[in-house]
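A quick write-up on the structure given underneath.
Derivation of every value follows stated rules applied to the coordinates shown; laboratory data play no part. In this text the structure is predicted, and so the values were computed from the model without any measurement. Ideal geometry is used to build each Cβ from the backbone, glycine not excepted, and the neighbour counts take in all protein chains shown.
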Amino acid sequence: MYNKTKNPWSPEDEGDHYPIMREWWTIETLFKTKDQDKNYNFMVIASYNMEKPSCFFQYVLFDIKEKKCIIRADIDDDIKKLSFKKNRLDLKYKDSFIKGIFPNYKICIKEKDNFEINFEYKAESTPHWIAQDITNGKLPFGLNFYKYGYIPNCRLKGSMKIKDKRNDINGVGYLEHVWGDWSYQNPFKKVSKLKESISTYLKLGRWWIKSHRPKIPDRISFTSENNIFGYDWAWGVFDNNWSVFYGNVLFFLSRGPAFGVLSLNKGKEKYLDFCNIDFHYNELIYVKKYDIYFPSDLEIIGKKDDKKIKIRFSLNTKSYEYIDPFKNNGFYKAFILSEMPGKMSGFYEEKDKKIKLKGGCKMMPLRQPSVLGHNVLDIKFIKPPKGVGINLGFESHYLKKQINTELVFKKKPIFKFDFKKLK
């Protein structure tokens with residue numbers, strides 16, 4: 001039995017907060033079919049926003065063995081088509097529903113005769129707020145903020161029917177609930193809670209500074225598509241039944257310190273939140289129409305006191321991009337969310353104990369590309385015994401230029417400069 005005092009969610013947190021500007025519930029799953037012995041990733045989002053107003057209902061199914069998305073629906077509809085209730089999770093869109101209250105949930109998604117999935121969730125971990133001990137789940141966005149909570153480890157069982165073939169399924173899952181008064185297209189639009197937003201920024205800033213010792217990094221990179229209105233997101237469950245959540249607001253960085261949180265759940269209410277995090281991308285995917293790159297292979301290292309965790313998340317299917325072009329023809333061009341099922345591996349260290357980790361995962365990077373396209377500044381700091389200096393690499397698709405320069409002080413100082421035009 002769960003100790004109810006350890007559950008930070010109230011029934012009010014699980015139900016709707018209508019008529020707030022934006023609210024969504026997300027289900028992520030990784031499961032195996034009993035008869036076919038095949039692995040799948042299934043995701044469903046039910047949301048509403050008051051800007052249009054409208055509701056959005058999306059689901060995506062990946063066949064991991066076939067390495068591709070096989071079923072998807074991105075439905076933008078009348079806000080009245082999605083029903084929701086206070087004080088419990090109770091969503092209904094046409095013949096599909098998501099309902100329950102911690103720790104038990106039921107999910108049923110139907111697409112006429114083509115697709116149907118039914119399963120039950122049993123939470124293995126208690127709910128958790130992002131930065132729970134710092135802001136109790138509040139995260140800033142523009143001049144406002146939102147509340148972000150999740151359950152990272154659930155057990156699922158049920159069935160899935162594709163066309164006329166039905167299979168029993170078993171696996172793991174994740175549940176997320178987010179709400180707030182913010183706008184993606186106009187992030188500085190609402191100022192009704194500016195005072196609380198500033199307080200949230202300050203609390204997170206103090207936490208970040210306290211968690212990081214001043215140091216000169218070996219390398220740091222900035223890219224224009226990693227602006228403050230996008231993020232990197234990853235979730236997964238390891239083979240030892242631990243689970244992990246990673247969320248990072250980018251601040252233009254593509255390599256270096258993360259301005260986010262890495263949360264490791266070691267069972268039920270045992271959470272360990274890392275703020276001292278370094279990250280870099282090993283591989284990228286290019287979206288030519290919007291001239292931006294997404295990470296498809298992400299590596300992070302988190303440290304806290306005598307604890308250290310290193311995880312590599314990597315894509316093992318073809319990704320699927322949901323693209324919603326902005327209609328105002330402003331500086332930012334679109335909302336692009338990439339769906340990436342994958343695998344993860346790494347280790348966790350504590351004192352003299354080192355535990356190897358591996359499992360399945362899901363990555364979902366979000367980007368809002370601008371008219372500037374892809375531009376990158378890469379800085380390498382040269383340290384003794386190689387000398388003292390700096391190497392700068394700059395590439396701009398917007399300016400169609402590439403510059404590389406290096407200055408190193410040692411017995412014989414080195415200065416290099418290279419300039420070229422890009423096609």
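The table below lists the values:
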read-out: Under Karplus coefficients 6.51, -1.76 and 1.60, residue-wise ³J(HN,Hα) of region 141-156 in Hz, glycine/proline x; value: 8, x, 9, 9, 8, 9, 10, 9, x, 7, 10, x, 9, 10, 9, 10
read-out: Model label zone, Val371; criterion: amide N under 20 Å from point 7 Å along Cα-to-beta-carbon; scope region 384-407; value: 396-401
read-out: Inter-label distance, nm, simple model (7 Å from Cα along the C-beta direction), Lys351/Ile403; value: 5.3 nm
read-out: Surrounding net charge for Gly256, when Lys and Arg each add one and Asp and Glu each subtract one, Cβ distance under 15 Å; value: +1
read-out: Charge dipole (debye, nearest 20) of region 375-421; +1 at Cβ of Lys and Arg, -1 at Cβ of Asp and Glu; value: 220 debye
read-out: Sequence-distant residues sharing a close amide H with Ile64 (under 5 Å, placed H); value: Asn39, Tyr40, Asn41
read-out: Nearby aspartates and glutamates by direct alpha-carbon distance to Lys80 (threshold 18 angstrom, same-chain neighbours under 8 apart not counted); value: Asp16, Glu23, Glu51, Asp90, Asp95
read-out: Normalised contact order of region 1-211, rounded percent, pairs of Cα under 8 Å and 6 or more residues apart; value: 20 percent
read-out: Sequence-distant residues sharing a close amide H with Cys361 (under 5 Å, placed H); value: Gly342, Lys343, Met344
read-out: Placed amide H near Arg88: partners under 5 Å, 5+ positions off or other chain; value: Gly15, Asp16
read-out: Rounded to 10°, Cα long-axis angle of helix 194-211 versus longest principal axis of the chain; value: 60 degrees
read-out: Region 223-370: relative contact order as a whole-number percent, Cα under 8 Å and 6+ apart; value: 23 percent
read-out: Gyration tensor verdict on region 275-423 (Cα atoms; rounded if a/c is under 1.5, prolate if a/b is larger than b/c, oblate otherwise); value: oblate
read-out: Proxy reagent accessibility, fewest Cβ within 10 Å first, across Val371, Val44; value: Val371, Val44
read-out: Burial ordering of Leu194, Leu143, fewest other beta-carbon atoms within 10 Å first; value: Leu194, Leu143
read-out: Phi to ³J(HN,Hα) by Karplus 6.51 cos²θ - 1.76 cosθ + 1.60 over region 284-295, Hz, x for Gly, Pro; value: 10, 10, 9, 10, 5, 4, 10, 6, 9, 10, 10, x
read-out: Taking Cys361, Cys69 and counting other C-beta atoms within 10 Å, the order from fewest to most; value: Cys69, Cys361
read-out: Potential extension, Asp218-Ser10 segment - 0.36 nm per residue separation minus Cα distance; value: 70.4 nm
read-out: Length gained when the stretch Arg166-Lys32 is fully extended (0.36 nm per residue, less Cα-Cα span); value: 47.0 nm
read-out: Residue-by-residue Karplus 3J(HN,Hα) for region 394-403, coefficients 6.51, -1.76, 1.60, Hz, glycine and proline x; value: 10, 9, 10, 6, 5, 8, 6, 9, 9, 10
read-out: Which labelled figure in [x] 60; [y] 35; [z] 54 is percent of Cα pairs over 33 Å apart, once derived from the coordinates; value: [y]
read-out: Length gained when the stretch Lys99-Ile323 is fully extended (0.36 nm per residue, less Cα-Cα span); value: 77.8 nm
read-out: Taking the chain and dividing mean pair separation by its residue count, relative contact order in percent (alpha carbons under 8 Å, at least six apart); value: 11 percent
read-out: Spin-label model distance (nm) - Asn114 vs Lys67, 7 Å beyond Cα toward Cβ; value: 2.5 nm
read-out: Which listed pairs, of Lys288/Lys333; Lys52/Lys81; Lys270/Lys358; Lys289/Lys380; Lys112/Lys161; Lys52/Lys362, have C-alpha distances above 22 Å, in listed order; value: Lys289/Lys380; Lys52/Lys362
